[in-house]
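Working notes, structure below.
The values are calculated or read from the model by the stated rules, or taken from the named source; none is laboratory data. This one's a predicted model, so the numbers in the text were calculated from it and none came from an experiment. Please note: Cβ atoms are built from the backbone with ideal geometry, for glycine as well, and neighbour counts cover all protein chains shown. For the accessible areas, the whole protein counts, side chains as well, though only heavy atoms, and no ligand, DNA or RNA atoms are used. Shrake-Rupley method; radii C 1.70, N 1.55, O 1.52, S 1.80 Å.
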Amino acid sequence: MKSNLASVLFVFLITNICFSQNLVLNGSFEEFEKCPDDYSQFKGNVKDWIVPTLATPDFYSSCNKFSPAGVPNNVSGWQKAKEGNSYAGIILLNHQNYREYITGSLQKKLIEGQNYKIKFFISLAEKSGLSTNSIGVLFNSNRENFTTYKNFDGLTITETKNSVNNIDFNEQKKKDDFSYLVDLSTVETFKDSKNWTLVETEFIANGTEKYFTIGNFKSNLETKYKLTRSRVEGPSSYYYIDDVSIEEIEEEIKVENTFKLNSIYTLKSVLFDFDKATLIEKTTQELDELVTYLKSHLDLKVTINGHTDYLGNAAYNQKLSEDRAKSVANYLINKGISKDRINYRGYGESQPIDPNEPEDAQAKNRRVEFVLSN
């Protein structure tokens, strides 16, 4: 019995592909009411997003390249969008604990106990005076406004007695027991202003999440920062944000590939250079799948059979078929399969699949096969 390994492995791979959907509505900020002609036009403009405080985060878009809120040039610096044509901008750290936040919506509530990944990209604005390491995501069951105030008094980073300008997570917990914070802070500050930096983490949902808020939920004393520009009056840590996504992490469906014992499987995609026994590296995916199978079935042995077409000297073809079978056997050994479990043979031109003359018929005869046995 002969089988095509390529088709068998194809089915195996397809069953293990995990598709996930971004649950964030308008995660790249591409849908909005009007093209921004100035900064501070995020609130009431970007679809499916709100501003939960009295602060004024910014919205940038290439729909008006000459606006202070244009893309890539704008009042805060220069940066292309990570995805599409638009992005947001928020202050993560400022004197007197001033913060800016943006609240997004999910397509549906998350599933209790399910693993999710949240990720987005940030880029430090070129004109930002500070870089910081603190950013997080607050999940809520209800979309609401937070009690905060906009206050630009003071010119240095200080700790106020009453941190009225940033969202107090502990106070929020008193209002909504289902609220919780996912911290994405890092050891070093996010200091790249040329490129977009991926910020991501995994979390387990409690099943009540419908909205989420991005920002810095730590006080000034808890927030690490570094000066990025000298002579900055009232320094702020200001970042662009784009391509926000929350995706379910689906467990792989492990459908085990089952080969029949003593059946012949042809390695369709395993190729050699013309008239040589050296494997072409790009064609070894099938062999890697075979290695995986053998490592999970330690009771099985494998026999490698090499074949050639009728062209050329019969003795030469016999030697070439043996060398090619040996080359495949050595590949398996180098990948960790014990040589005691591997046999190889060469049959030369003696066992053609197609005895016809045309080149495509002869191509079928130039092959390497394997047989599994106990």
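Take the conditions touching a Leu at 6+ places or on another chain (Cβ under 9 Å), modelled with pLDDT of 90 or more and open to solvent by 60 Å² or more (accessible area, probe 1.4 Å) and apply them to L261. Does it pass? Here the answer is yes, as L261 does meet what is asked.
Scanning the range 23-68 for residues being among the hydroxyl-bearing types (S, T, Y) and under 30 Å from the mean Cα position of the chain (by Cα) gives a total of 4.
Please go through the range 71-98 and give me each residue that is touching a residue at least 12 places away in the same chain (Cβ under 8 Å) and more than 14 Å from S128 (Cα to Cα), ordered by number. Within the range 71-98, V71, A81, K82, E83, G84, N85, S86, Y87, A88, Q96, N97, Y98 qualify.
Residues in the range 74-92 that are part of a strand (DSSP E or B) and either β-branched (V, I, T) or more than 28 Å from the chain's Cα centre (by Cα) (or both): N74, I90, I91.
The rows are residues; the columns are (1) aliphatic (A, V, I, L, M); (2) closer than 12 Å to V182 by Cβ; (3) assigned to a loop (DSSP other than H, G, I, E, B); (4) at pLDDT below 90.
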{"position": "V199", "(1), (2), (3), (4)": "yes, yes, no, no"}
{"position": "G207", "(1), (2), (3), (4)": "no, no, yes, no"}
{"position": "F212", "(1), (2), (3), (4)": "no, yes, no, no"}
{"position": "S219", "(1), (2), (3), (4)": "no, no, yes, yes"}
{"position": "T223", "(1), (2), (3), (4)": "no, no, yes, yes"}
{"position": "K226", "(1), (2), (3), (4)": "no, no, no, no"}
{"position": "Y240", "(1), (2), (3), (4)": "no, no, no, no"}
{"position": "E251", "(1), (2), (3), (4)": "no, no, yes, yes"}
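Of the residues making up the range 167-181, at least one is surrounded by fewer than 17 Cβ atoms within 10 Å (Cβ to Cβ), of a type outside the set (V, I, T), closer than 24 Å to P235 by Cβ and at pLDDT below 90. Considering only residues that are buried (at least 19 other Cβ atoms within 10 Å of the Cβ) and under 22 Å from the mean Cα position of the chain (by Cα), look in the range 204-214 and name the one that is farthest from L130 (Cα to Cα). Among those that are buried (at least 19 other Cβ atoms within 10 Å of the Cβ) and under 22 Å from the mean Cα position of the chain (by Cα), it is F212. For the range 32-44, a residue qualifies if it is touching a residue at least 24 places away in the same chain (Cβ under 8 Å), open to solvent by 40 Å² or more (accessible area, probe 1.4 Å) and closer than 24 Å to N195 by Cα, and the qualifying residues are D38, Y39. Residues in the range 80-104 that are more than 13 Å from S237 (Cβ to Cβ) and open to solvent by 10 Å² or more (accessible area, probe 1.4 Å): K80, A81, K82, E83, G84, N85, Q96.
Within the range 45-68, the set of residues being in contact with an Asp or Glu (Cβ under 6 Å, 6 or more places away or on another chain) and crowded, with 24+ Cβ neighbours inside 10 Å comprises A55, P57. Considering each residue of the range 271-290, count those that are modelled with pLDDT of 75 or more and over 20 Å from L320 (Cα atoms), and give that number. Counting residues in the range 271-290 that are modelled with pLDDT of 75 or more and over 20 Å from L320 (Cα atoms) gives 5.
Number of residues in the range 47-70 that are more than 22 Å from G129 (Cβ to Cβ) and free of Cβ contacts under 8 Å to residues at least 40 places away in the same chain equals 8.
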